[in-house]
Amino acid sequence: MDAQTAVDLGRQALWMSLLIGAPVLLVGLLVGLIVGLLQALTQVQEQTVAFVPKLAAMIITLGLALPWLIQQMVQYSQELIGGIAGRL
């Protein structure tokens, strides 16, 4: 394995981890922004008010996106394992 192949494998792994984590993180970001704005408007500064909606939204998003996430991970794993013989 040469250096370029190792760099390509690392780049693909980073891209896949970003692709898999992005939906849940983006929903958490958006819900946190909305809840933070509502807290600022109402002057309610309780930590659980911000935590519970973010947690619930992230769990719902994970449940809805899980089939797609698993498909992406399986596809990446198949390509990675299938390419081992050609890269050695």
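The values are calculated or read from the model by the stated rules, or taken from the named source; none is laboratory data. Predicted model only: the values in this text are computed from it and were never measured. In case anyone asks, the SASA skips ligands and DNA or RNA and just uses the protein heavy atoms, side chains included. Shrake-Rupley method; radii C 1.70, N 1.55, O 1.52, S 1.80 Å.
Just one of (i) 15.6; (ii) 13.3; (iii) 14.3 is Kirkwood radius over Cα pairs in Å as worked out from the coordinates here. Which one is it? The value matching this structure is (i).
Put 16, 73, 58, 1 in order of accessible area, highest first, and with a 1.4 Å probe you get 1, 73, 58, 16.
The residues of the chain expose, per residue, 75 Å² of accessible area to a 1.4 Å probe. Using heavy atoms of the protein chains and a probe of 1.4 Å, the accessible area assigned to residue 70 is about 80 Å². Hey, what number do you get for the chain at 222 nm if only DSSP H runs of n ≥ 4 count, each worth -39500 (n - 2.57), divided across all residues, to the nearest 500? Roughly -32500 deg cm²/dmol at 222 nm, from the helical runs in the chain. Got a number for the accessible area of residue 26? Probe 1.4 Å, square angstrom, nearest 10. The accessible area comes out at roughly 100 Å².
With a 1.4 Å probe rolled over the protein heavy atoms of all chains, the accessible area of 15, 68 falls in the order 15, 68, largest first. The value of relative contact order for the chain, using C-alpha pairs under 8 Å at least six residues apart, is 41 percent.
To the nearest 10, the accessible area of residue 5 is 30 Å² with a 1.4 Å probe.
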